[in-house]
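The values are calculated or read from the model by the stated rules, or taken from the named source; none is laboratory data. No experiment lies behind these values; they were computed from the predicted model shown. Quick reminder, even Gly has a Cβ in these numbers, built from the backbone with ideal geometry, and neighbours come from all protein chains shown. Ligands, DNA and RNA are stripped out before the accessible areas are found, and what is left, the full protein with its side chains, is counted by its heavy atoms. Shrake-Rupley method; radii C 1.70, N 1.55, O 1.52, S 1.80 Å.
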Amino acid sequence: MTNSIHLGLPYLDAAQAQKHVTHNDALRVLDALVQLSVTSRNVTAAPASPVEGGRWLVGSGATGAFAAKTNNVAAFQDGIWRFFVPQEGWQVYVESEGIVLIYDGAAWADLGLSFHTLQNLAKLGIGTTADATNTLAAKLNSALFTAKASSEGGSGDMRQTLSKSSASNTVSQLYQDNYSGRAEVGLTGDDNFHFKVSPNGSTWYDALILSNAAGDKFAPAGGLVLGNNAFFSTASSAGSVTPLSQVQGTGADASLLAARFSNDASGARLFLGKSRGATAATQGAVVTGDDLGGISLSGSDGSAMRHGASIRGLVAAAPTANGTPTKLVLSTSDGAAAPADRVTIDQSGNLAIGSANAQGQLTVCSNSAATLPAPTVSSWTSGYFISADGNGCLLELHAYGTGFPGLNFRQARGTAAARVATQANDIIAFFGGAGHGTTSPTLGVAQARFVASQTFTDTSAPARVEFWTTPVGSTTIVEAARFNEAGNLLIGNTGGTDKLTVGGNAVPSSDNVYSCGKAAARWSAIWSATGTIQTSDARDKDIVERVSSTQAASIVDSVEPIKFRWKVGGYNEERAVFEDGLGADGQMIHRENVTYTPKAGARVHAGFIAQEIKTAMDANGGDFGAWGLEQAADGESRQFLRPDQLIAILWQALRATRRELAELEARIARP
């Protein structure tokens, strides 16, 4: 008896007895293999209670009844196991997985993976039904496209290509919400790349357009517009330009934001750079004067944008490995002319206002033609304020309300990091003036200095103010006056314990114009070496009349001298120190308040009453300078006397008395 080639079915032999046995056995094989379906695959042990007719695919490493039967179809028929060796091309349905396998001669493989080429399909639906509009349709939760590696015969790349028929057509990806469009990305109606959005699926807006080539009527090559679908030109320090990237809008959202969210000290950055190379791959070193970039501000005059201001970074010297020496320049326009440079911060951090170059840490200059002088002391930090020719130069400080303007200076020995107490005679600060000689600037020729009187401590910081001037014929300044730490004014000397000490003559600026003291503000004592307090030169006087003996005697007889005490014989001085808040440097400001309260005189004095002298003068010859009013136009103002003029009255009365005595002596002496 022989078997068929593919399924191994037994043939009936000629004149075979019991043909039904062979025939039934062939039917059993057909029943097991035709429309082949197995319960599961990769089974390595025979099921303990197999159902009649059950079929399985034996896996590698099987044991027991399935030992050495790898890849066989195991069928349980008539209570026994029968095994069928698969032939190449056999197909089987695996019930537990819902897949179809095909035998490739060595192993069972997924039949779906064997379809390597599908050509000219009219429709394809995956998880859904394709139709005439959507000939390719898929209903799924995720999809994966991955590159075929070079080891698999691929290139390792993955590119999805979408193409349209012409520029006026559309090729895009459309994103929908319940089949209503909300966003579209692609070449929509032209060859520029559009990012479109819609609130309802029918009204669409271009949120972003990327131009595809130079010369495009909407934008330069590679341009980016946010908030509009067209570019426009603006003005800058470089002239009229059409920026490659633009943000347009009608509200505050027409803005750019760079923000950094990180648990460190770093922030967002805006980077601007310049190279003299033609491309990024061909770097070229910048040179002095090159513009590294900037921010330009412009405004429309109704027809075009007009440049108004800018901040630029200019190369100040050749770059090094440590960086590019750079100065920052701020320019503005007054509307009458193109923007001009107004403020410069040079590579050393020096600030120049109104000048292209800073001399010292601060230069303020309204004269663009001025040649800035070198610092008076080269090692000092200097600042300059320079006015235009013919103008003055004024520094004003303004404050309002309860505040007040001020300039405060601080000096310390040591270094900024390790300060040491100010020492005696250290100059804390000074104000100075200098001029210009015939050929060169002069050094300081007049100064007001603030000087420490002693070494400072936390509880004692005495200081004085010195005034220095330069004599005629000299360039050396000398001290002319000072206010010492006690508030005493010393003129022409450096020592004194009185409120005013003069090392020289003290005279009024005009002859016979000013008074020393007044009726309500008197000197308690005047000390003089000679006692001379007025001149008696005949050339200074026009004699009106001689004082008569009768007038003098009448005044002396009419006025009786008195003894008295002054109602205000002096003042008690009281000083109090108040805290006046913190200064700009964070230090407490102390203010001293001095008050004076009057006290009654203690000592008895001898003198006259001005009103009584005036009455005697009126009764005996009229007014003269021995009496007067503090305010000549006010008859109720305080009255005063000039005792020096009363001496003349006493002198004449004494002369009359002496004449009378002489006559009496002559009469007595006659025989």
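Among the conditions (1) small (G, A, S); (2) open to solvent by 90 Å² or more (accessible area, probe 1.4 Å); (3) within 57 Å of the chain's Cα centre (by Cα), the only one that A506 does not satisfy is (2). Kindly check whether there is at least one residue in the stretch 156-164 that is closer than 30 Å to Q246 by Cβ and open to solvent by less than 60 Å² (accessible area, probe 1.4 Å). Taking every residue of the stretch 156-164 in turn, at least one turns out to be closer than 30 Å to Q246 by Cβ and open to solvent by less than 60 Å² (accessible area, probe 1.4 Å). For S211, indicate whether it is surrounded by fewer than 10 Cβ atoms within 10 Å (Cβ to Cβ) and closer than 26 Å to A230 by Cβ. Taking the combined requirement at face value, the residue does not satisfy it. Among the residues making up the stretch 317-334, a single one is of a type in the set (D, E, K, R) and either open to solvent by less than 40 Å² (accessible area, probe 1.4 Å) or outside any loop (DSSP other than H, G, I, E, B) (or both): K327. Looking only at the stretch 509-566, residues that are hydroxyl-bearing (S, T, Y), free of Cβ contacts under 8 Å to residues at least 40 places away in the same chain and open to solvent by less than 100 Å² (accessible area, probe 1.4 Å) come to 5 in all.
Is there a residue in the stretch 265-281 that is under 20 Å from the mean Cα position of the chain (by Cα), part of a strand (DSSP E or B) and among the basic types (K, R)? For the stretch 265-281, residues under 20 Å from the mean Cα position of the chain (by Cα), part of a strand (DSSP E or B) and among the basic types (K, R): absent.
Only one entry of T439, T455 meets the criterion of being among the polar types (S, T, N, Q), part of a loop (DSSP other than H, G, I, E, B) and surrounded by 11 or more Cβ atoms within 10 Å (Cβ to Cβ), and that entry is T455. Within the stretch 582-605, being in a loop (DSSP other than H, G, I, E, B), more than 30 Å from I647 (Cα to Cα) and touching a strand residue (DSSP E or B) at 6+ places or on another chain (Cβ under 6 Å) holds for one residue alone: G583. Restricting the stretch 249-271 to residues that are among the charged types (D, E, K, R) and over 23 Å from G313 (Cβ atoms) leaves a set whose member that is least open to solvent (accessible area, probe 1.4 Å) is D264.
Suppose the filter is at pLDDT below 85 and either closer than 25 Å to G313 by Cα or loosely packed, with under 10 Cβ neighbours inside 10 Å (or both); does S236 pass it? Yes; evaluated as a whole, the condition is true for this residue. Counting only residues that are at pLDDT 85 or above and either in a loop (DSSP other than H, G, I, E, B) or under 19 Å from P643 (Cα atoms) (or both), the stretch 525-568 holds 27 of them.
Of all residues in the stretch 402-413, those that are within 17 Å of Q587 (Cβ to Cβ) have Cβ atoms under 8 Å from Cβ atoms of residues that are part of a loop (DSSP other than H, G, I, E, B) and open to solvent by 90 Å² or more (accessible area, probe 1.4 Å), 6 or more apart or on another chain, in N408/A584. Only a single item in (1) touching a Leu at 6+ places or on another chain (Cβ under 9 Å); (2) over 30 Å from Q652 (Cβ atoms); (3) not in a loop (DSSP other than H, G, I, E, B) is not met by E579, and it is number (1). Of all residues in the stretch 1-54, those being surrounded by 16 or more Cβ atoms within 10 Å (Cβ to Cβ), hydrophobic (A, V, I, L, M, F, W, C), at pLDDT 70 or above and under 24 Å from E88 (Cβ atoms) number 3.
Would you be able to say whether some residue in the stretch 123-140 is farther than 27 Å from G189 by Cα, within 60 Å of the chain's Cα centre (by Cα) and in a loop (DSSP other than H, G, I, E, B)? The answer is yes, given that some residue of the stretch 123-140 is farther than 27 Å from G189 by Cα, within 60 Å of the chain's Cα centre (by Cα) and in a loop (DSSP other than H, G, I, E, B).
Of all residues in the stretch 452-476, exactly one satisfies the criterion of being in contact with a strand residue (DSSP E or B) (Cβ under 8 Å, 6 or more places away or on another chain) and acidic (D, E), namely E466. I'm trying to understand the selection: among the residues of the stretch 55-93, which are open to solvent by less than 20 Å² (accessible area, probe 1.4 Å), farther than 17 Å from D110 by Cα and modelled with pLDDT of 90 or more? Matches in the stretch 55-93: A62, F66, A74.
Is it true that some residue in the stretch 409-423 is modelled with pLDDT under 85 and closer than 29 Å to I386 by Cβ? Checking the stretch 409-423: at least one residue is modelled with pLDDT under 85 and closer than 29 Å to I386 by Cβ. A single entry from G289, G249, G294 fulfils the requirement of being in a loop (DSSP other than H, G, I, E, B), of a type outside the set (V, I, T) and either more than 30 Å from D206 (Cβ to Cβ) or modelled with pLDDT of 95 or more (or both): G289. Residues of the stretch 606-636 that are free of Cβ contacts under 8 Å to residues at least 60 places away in the same chain, of a type in the set (G, A, S) and either within 18 Å of V544 (Cα to Cα) or assigned to a loop (DSSP other than H, G, I, E, B) (or both): G622, G625, A626, A632, A633, G635. Scanning the stretch 417-430 for residues that are open to solvent by 90 Å² or more (accessible area, probe 1.4 Å) and either among the hydrophobic types (A, V, I, L, M, F, W, C) or outside any loop (DSSP other than H, G, I, E, B) (or both) yields A417, R419.
The set of residues in the stretch 130-183 that are among the polar types (S, T, N, Q) and over 30 Å from P199 (Cα atoms) comprises T146, S150, S151, S155. Scanning the stretch 107-129 for residues that are under 30 Å from G53 (Cα atoms) and either of a type in the set (D, E, K, R) or open to solvent by less than 70 Å² (accessible area, probe 1.4 Å) (or both) yields a count of 7.
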